[in-house]
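Participant: Below you'll find the structure I mean.
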Amino acid sequence: MTVRCRFAPAPSGSIHVGNARSALFSWLYARHHGGVFILRVEDTDASRVTEEAYQGVVEDLRWLGLDWGEGPDVGGPYGPYRQSERLDIYRAMTDRLLAGGDAYRCFCTPEELEERRKAALARGEPPGYDGRCRTRTDEEIAAFQAEGRPFAIRFHMPERGWVIEDLVKGEVRWAAGDLRDFVIVRSDGSPVFLLAVAVDDMLMKVTHVVRGDDLLASAPRNAAVIEALGGIPPAYAHLPQVLGSDSKPLSKRHGATSVAAFREQGFLPEALVNYLALLGWAKDDHTTFLGRDELIEAFDLAHVSHNPAVFDTQKLEWMNNHYIQSLEEDDLAARCVPFLTAEGLSVDPILLRRAIPLIRERMKTLSEAPVLLRFLFSDDVVPNDRAAELIAKAPEGYLKKVAGALDALEGWDTEHIQATLDQLASEAGLSRTKGWQPIRGAVTGSNVSPPLPESLALLGKERTVARLHAAAG
């Protein structure tokens, strides 16, 4: 059997990291078993799904490196792969269910359904559809049709117990009567998720469905529809939720939650993929850093935890710094360029390449590059508040003396610059830290920068001296 896994987003924006983890686990499982990973787009709800959002999902997945063998853009033997292009298929399958007695027309109005729901609750019974339209007489149905009453189509859920052997949660049971008849086609003719997903999984020969456990209750319903159509349900693996630091479901109140947001903040895809893989799964009790090929080799759904995973941004930043430090310097420089140019900086690639060794250990994210390197690529240097304080605290005439001494240097290199700065600080009765702080503020406009002598060597004598004079007034 060829393992066939799918990721089926309903695009309404960038992928939430919880959904990205589901996509990653599905992708890893398919790759581990030499199978097929399918991208299928659930876009039947035109009010929520836009073409821009769809393209955003594609971009997110490509940035993460989760490639697919079948999908809207690459095709495949079981297409089309967008649900909005499969409506005729859902109609045909609905007709089969109606003809086989596995589905029926439901003429109940929303008001009637709500009235019965309240009555059930008042009796202390669980709410749910009572199957009334399943037993309508031909005369009743004819009367409803004659008056033009709209109808939905419901699936007749077999009245028996259900068991799902979930690959993460183990055996999950539903007692007979727990699962009521449910709508598969709305009164406007549009298919409901429970129908479309089941039909697509069956026709696309999906063998394993990896998704969040918020959809666990859908599993027996999906399976029932597939069985009614003569298919074999896939194996299910429902992943526990991703939580924030307060143990509540990860949401925007916790900060960034989408793949696009982490990308814009300067996280590397290698780091995010590695981190997401560790949200509820581990190779062993001591391995943290795993490359893509190592993840594929080691991944197994049997090792996924039953418990929710807490998203720890600080750990992600730490891992991101590790990956930044592991990049080749030319590669890191190239990845910094978009963040520098986005801040309006004109980047000299040679100067940037020389600066990379000075900043790589300090960077948690690529978005810190403009903060650390702005002084190199712009002469519009305005000291921040802290830098202005440090400049103001410098001994009178100190910055002018520094400017003069540096201007007189014959050799403009790190060694000569450092020796000169140390001598000037000593003569002023200052420690290196207090002697260098106002110089850093004057030259870089910040109280944080790469190592000072190296920064001045890169900046050049003329620009350095000019900025010291400007700050000295």
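Participant: Which of the following residues is closer than 30 Å to ARG21 by Cα and either in a loop (DSSP other than H, G, I, E, B) or in contact with a strand residue (DSSP E or B) (Cβ under 6 Å, 6 or more places away or on another chain) (or both): LYS315, LYS364?
Facilitator: Within the list LYS315, LYS364, the selection yields LYS364.
Participant: Test PHE375 against the stated conditions and say whether it is modelled with pLDDT of 95 or more, in contact with a Lys or Arg (Cβ under 9 Å, 6 or more places away or on another chain) and among the aromatic types (Phe, Trp, Tyr).
Facilitator: Yes; evaluated as a whole, the condition is true for this residue.
Participant: Would you mind stating whether TYR275 is closer than 26 Å to VAL337 by Cα and crowded, with 23+ Cβ neighbours inside 10 Å?
Facilitator: Values: closer than 26 Å to VAL337 by Cα: yes; crowded, with 23+ Cβ neighbours inside 10 Å: yes.
Here the answer is yes, as TYR275 does meet what is asked.
Participant: Would you pick out the residues in segment 43-53 that are of a type in the set (D, E, K, R) and either surrounded by fewer than 19 Cβ atoms within 10 Å (Cβ to Cβ) or assigned to a helix (DSSP H, G or I) (or both)?
Facilitator: ASP45, ARG48, GLU51, GLU52
Participant: Would you please name the residue that is nearest to GLY441 (Cα to Cα), looking only at residues in segment 387-419 that are exposed (fewer than 13 other Cβ atoms within 10 Å of the Cβ) and not small (Gly, Ala, Ser)?
Facilitator: Of everything passing the filter in segment 387-419, LYS393 is nearest to GLY441 (Cα to Cα).
Participant: Another question, then. Report, by residue number, each residue of segment 27-42 that is charged (D, E, K, R) and in a helix (DSSP H, G or I).
Facilitator: Applying the first criterion (charged (D, E, K, R)) to segment 27-42 yields 31, 40, 42.
Within segment 27-42, ARG31 is the sole residue that qualifies.
Participant: Only residues in segment 35-54 that are among the hydroxyl-bearing types (Ser, Thr, Tyr) count as the first member; pair them with residues that are surrounded by fewer than 22 Cβ atoms within 10 Å (Cβ to Cβ) and not in a loop (DSSP other than H, G, I, E, B), Cβ under 7 angstrom, at least 6 apart or cross-chain, and list the lot.
Facilitator: Once the first residue is among the hydroxyl-bearing types (Ser, Thr, Tyr) and sits in segment 35-54, its partners that are surrounded by fewer than 22 Cβ atoms within 10 Å (Cβ to Cβ) and not in a loop (DSSP other than H, G, I, E, B) give THR44/SER84.
Participant: Tell me which of these LEU372 doesn't satisfy, since it passes every other one: (1) in contact (Cβ under 8 Å) with a residue 40 or more places away in the chain; (2) part of a loop (DSSP other than H, G, I, E, B); (3) within 18 Å of LEU456 (Cα to Cα); (4) of a type outside the set (Phe, Trp, Tyr).
Facilitator: Failed condition: (2).
Participant: Go through segment 54-76 and give me each residue that's touching a helix residue (DSSP H, G or I) at 6+ places or on another chain (Cβ under 7 Å) and part of a helix (DSSP H, G or I).
Facilitator: Within segment 54-76, GLY56, ASP60, LEU61, TRP63, LEU64 meet the criteria.
The values are calculated or read from the model by the stated rules, or taken from the named source; none is laboratory data. Since we're looking at a predicted model, the values are computed, not measured. Every residue, glycine as well, gets a Cβ built from its backbone with ideal geometry; the counts of neighbours run over all protein chains shown.
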